[in-house]
Structures are given as structure tokens and as C-alpha cells.
1. How many of the residues making up segment 487-505 are more than 23 Å from Met466 (Cβ to Cβ) and either surrounded by fewer than 24 Cβ atoms within 10 Å (Cβ to Cβ) or among the hydroxyl-bearing types (Ser, Thr, Tyr) (or both)?
2. It is to be established whether one or more residues within segment 489-499 are more than 34 Å from the chain's Cα centre (by Cα) and in a loop (DSSP other than H, G, I, E, B).
3. If I filter segment 180-197 down to residues being among the aliphatic types (A, V, I, L, M) and within 27 Å of His62 (Cα to Cα), which single residue comes out as surrounded by the fewest Cβ atoms within 10 Å (Cβ to Cβ)?
4. Please state which one of Asp452, Asp439, Asp520 is among the acidic types (Asp, Glu) and outside the structural domain of Gly403 (by TED's automatic domain parsing).
5. Give Gly251, Gly242 a once-over and let me know the one that is buried (at least 17 other Cβ atoms within 10 Å of the Cβ), of a type outside the set (Asp, Glu), more than 27 Å from the chain's Cα centre (by Cα) and farther than 18 Å from Cys145 by Cα.
6. Could you say whether any residue in segment 234-251 is touching a Lys or Arg at 6+ places or on another chain (Cβ under 8 Å), within 26 Å of Leu121 (Cα to Cα) and outside the structural domain of Asp53 (by TED's automatic domain parsing)?
7. Test each condition in (1) surrounded by 21 or more Cβ atoms within 10 Å (Cβ to Cβ); (2) outside any loop (DSSP other than H, G, I, E, B) for Asp87 and report the one that comes out false.
8. Scan segment 551-567 residue by residue and report those that are surrounded by fewer than 17 Cβ atoms within 10 Å (Cβ to Cβ) and part of a loop (DSSP other than H, G, I, E, B).
Amino acid sequence: MDQSLFRSELAQQLRVDSVRASTAAGSGHPTSSMSAADLLAVLLDGHLRLDFDRPDNPANDHLIFSKGHASPLQYAAFKAVGAVEDDELLTFRKFGSRLEGHPTPILPWVDVATGSLGQGLPIGVGLALAGKRLDRLPYRVWVLCGDSEMTEGSVWEALEHAGHEQLDNLIAIIDVNRLGQTGPTMHGWDLTSYSARAQAAGWRTIEIDGHDLDEIESALTQAEDGDGRPVAIIAATQKGKGVAEVADKPGFHGKPLAHAEESIVELGGLRDLRVKPAKPDADAKPHVFDTGSGGLPAFEEGTELATRKAYGQALAALGDRRGDVVAMDGEVSNSTFAELFRDAHPDRYFEMYIAEQQLIAAAVGMQVRGWCAFASTFAAFLSRAYDFVRMAAVSRADLRLMGSHAGVAIGEDGPSQMALEDLAAFRAVHGSTVLYPCDANQTVQLVTAMADLPGISYLRTSRGAMPVIYPAGEQFPIGGSKVVRDGDDVTLVGAGVTLHEAVKAADVLAHEGIEARVIDLYSVKPVDSGTLRRAASETAGLVTAEDHWPEGGLGEAVLSALADQPAQVRTLAVHEMPGSGQPAELLGQARIDATAIAEKARELAS
């Protein structure tokens, strides 16, 4: 069989298997899969360099289905290369199957979970950056995009960044099938509208008929000839191509075909073709950065330093010791102090500019290749990228995030800059770790621990300088807490800024004959239930104070830990919208300062 006929037949097989998989499941997106079948057939046969027998080969190309709802096509492709068998293909979307409704890394050939549209291309930017600047290997990153998702702001963040970084190892294949879920897309088949914007961002664009195998071949060949620009292949296709009942017709999105058997006959019937993608160099090794054996920063007790600055110093020192540590920031590195890492390790630092979705996506892409990625920005701005964090958990990604300038304690900047919901947001992420240090030495130890944590970890840092209360080198286990003041009358619980307010309150209470136990709950998730339970049973009750809204933060973490134990708990949090002012004024207004903590403690002690 000549190559042209083989590719034509392979594309039809991919369509047939997409129909079969979604029919067996009783759900899915066969029409979205059918539009891109020709594109994928040519990519598999001669352009994708991926050893399916060695998915961990560092030289492998990467294939990301940003239009994750076209998973039947991806799974059909895996069958065509021999990675899955036909029996497994027909378990699509069934309980316990690896072939979930949208792709996840349960399958070793899937790098990241997709399905929340607009994420594949930004993550592809991260992988392409890793290939160029970290691994320094010639693999390519192929991203199959849908036309509907091209309206997402995250896609345009990706286009801008890829163009700026001249990522000619990144190739986006945009399946312009004209129809979205409820009707025509914004631009229909106006390929020039997509080209013009991509070109403005520094991309090379190639417009083609996405069903003409020769045009597809030419476009992929041109795309592989790197010229310093990322490439967008913009392909006009038909949704539901090959089946007259659904081809280019609205109303069939996300539905199995009503007449599957007839449709399969119309597509030429069952086939069992196999394709062998090219294999990359089996001996390729990623670049390894030189490291030293320097120590960690240490700060003298009684001095004052902002935890955000301690973060930067700790990260730079960690980079000295570990060549796999990389860092990125959203153009606030002189506030998060990620600039200290940048200055120490410029080859492993990435400026992501004011594009928080791309910031997180880049970290996700880099960790795919095993890099230990730290990403930082103001805590309030991480909310823009929350969907990327949520999907990173679905991807089983290991991410280390730092949010600075949290709470009313930042002062004069006002509420637009005050993260007051971040603890709740990150506590809600599956498998996450949420840390909130109160001093510089504690920050150093927690940053160091984060480098080895699985899943999503979040470190909340503060803007203002705070006293160092712990000796250098003291350990802070994840899931632990510290009792910084003993007492048997009442317990005060704080973290970060409010830990220092709790200590002040304990001093005031001691002069009144009330002995307050003070707990530093630096690990907000997982929380130290044992220490909290002992405090509840050994004292009159607990007062919690947090620079955060009352919902979902430290107070509710404590209440959850004590849910099945009788305990008196008073929670202090920010209840009213703050304004600008001095930090002490705002803490007082919010009733989370030492005065308010002492007042609640007296109520319990009495």
C-alpha cells in the first residue's frame, strides 16, 4: 500500500474507532474527533518521534490534545500504534478504564490532563521551554487545538510567550472545524483571522485544507524546518467529516452517532492498520546543571525579615544545591524576591510577565520533564490561574507555588492586592499542601521541604518584616505545628502574621494571670490534629486568628480537626471589606490583632 493510500485508510480507521469507542460508551465526542483524523494520521506516519515502548525517553516528542474532548481520536491513535488493544478501546469512559472521558496521565503517553479548554497550548509552551533551555534536547511539542478554545485568554498568553521566546520546537495544529458546542464559532472558517493574530505574536503560520493529505504533509514538513518562530498550522476541517448525517451540521456535539453501524459502513468499515511512529535517539541525555554544596540561609533570632524575602534567599540557596530546581515569576520578582534566584541561576529562571495562567502552565509543562518548578506571584493574582492549578492536580503534577502580599497586613495597597481567599482555595485542591510561615528560618525550612513534596504545595508569605522567633535549622515537619508558648488555661492558634499577634496576646494575658498556650499552625493542610485535640482537652478552649476571610481558612481547618471532639472554639477572621491603612490599623479594624485575641481568650478562660 503506497503512503498516500495508507494515510487515507489510517485516517478512516481513526474515524471509525472514534465512532466505535463513543458508541460503546454511550457518550463522548466523535464528531470533534473525526474532523482532526487526517491531521493526526499524517502526524503519526512520519512526523511524530515518540517511542511508545519507552514513554520515559527524554528525547521523545510530546503530543498534547488541548481539545481534550477529542479523546476518542487520541485513544484510536494509541490503538493504531499498538499501545492499547481494541478490547481496551471499547472500555472508553467505563468505570475503572484508563481511557477516561478526557485524557489523563494514567496513560503513560499522556503528559497532562486536558479537557478544560485553553490549557494545552500554554502547557506546551512550558514543555518547549524545557526542551530549549533546560533539557537542551531537540524534541518537538505538538499541540492539537480546537478552534473554539482559541478565544480563551490563556491561549493568547501562550501565543505571546512562545513568540517572545522563539520556540520553534512548538507546533500548534489548530483544527478549525467551524462548529462549537452550541453553534458556529466566532470566526468560522476565516483562517486568516487566526493567522493574523498568531503572526502578530511572532508565529509562523500555515493555512491548509485539513483533509488534503498532501497539504498536511507539506505543512508538517515546513513546521519541522525551524526558523526561530513557533508554528501554527491552521487547518480548515469539517466536524463529523465522512458521515453525511453529521458532517458540518450543528447539534451533534458531544453525542455518539445515532446510526453508528451505518456510519461505520459509510466510512469504509473496520480496519486494523498499524503505524510505527519514528523513534528518537535512544541515547539522548538531558542537560545537567552544575551544583555546589552551600548551606541554607540562617537568621539570628530577634532580627526582623519579611518571609517573602526569606523565600527568595531560600530558593536561591536551594538552586545552589540542586540543579533540577527552576523558578519563574509573574513580573513581580522584586517583590516576591524570586529575583534572588534569577541573579544566582539565570539559566534556570523564567520571566513569565503578567500572565498568571501561563506562569502556572509553564511550571506544569516543566515538571512533566522532571524539573522541580517553583512559581511565584502575589497571592491575589494566583486566583486568575486557579483552573490551571485545579487541572494540575488532575494531571498528578508536582508544583510549588508561592503567593506573597497576603491579607490585610499588606497595608496601604488596599483590598485589590489583599489575598483573603487563598488558603481556602488551595486547601480545596486535591492532595494539596498549604503552608504559612511566620518567620524567616521557618520559611527556609518549608521551602526546602517543598522541593520534595508530591502534588500541589502552596506557601503563603507576608509583605512586612516579622521577628525571627525560631533558631536556624529548627525542623518543621509537613503536617506539624509548634507550641511556642505553654499554658493550661486557654489556647491561641495563629499562623504567619497572626502568630505574632497571638504571642503578644499571650503576654498581655500572662500579666492578668491567664496562662495561654500558643500554637503556630504553620501547616494549614495537612493540619496537626493531634496537637489541636490535646489543646482542646487540656485548656478551656481555642481562639483562632487568621488574616483571611472566615470561610475555608485556618479557623475552619481547626474546626474540622476537632469535629468529633467537644471543644470551645472562637474564630477570628476578616469579616468586612478592608480599605487602605497601616498594617496595625487594618489588623485592629479586622479584629484579628492581639487586643481582639486577648478579648476572646478572656471569655473562654472565664
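The values are calculated or read from the model by the stated rules, or taken from the named source; none is laboratory data. Since the structure is predicted, the reported quantities are computational estimates derived from the model, not experimental observations. Here Cβ is always computed from backbone atoms with ideal geometry, including for glycine, and neighbour counts include all displayed protein chains.
1. Number satisfying all stated conditions: 2.
2. Looking through segment 489-499, at least one residue is more than 34 Å from the chain's Cα centre (by Cα) and in a loop (DSSP other than H, G, I, E, B).
3. Ala196
4. None of the other options fit; the residue is Asp520.
5. Selected residue: Gly242, the only one of Gly251, Gly242 that is buried (at least 17 other Cβ atoms within 10 Å of the Cβ), of a type outside the set (Asp, Glu), more than 27 Å from the chain's Cα centre (by Cα) and farther than 18 Å from Cys145 by Cα.
6. Checked segment 234-251: no residue is touching a Lys or Arg at 6+ places or on another chain (Cβ under 8 Å), within 26 Å of Leu121 (Cα to Cα) and outside the structural domain of Asp53 (by TED's automatic domain parsing).
7. (1)
8. Glu551, Ala563, Asp564, Gln565, Pro566
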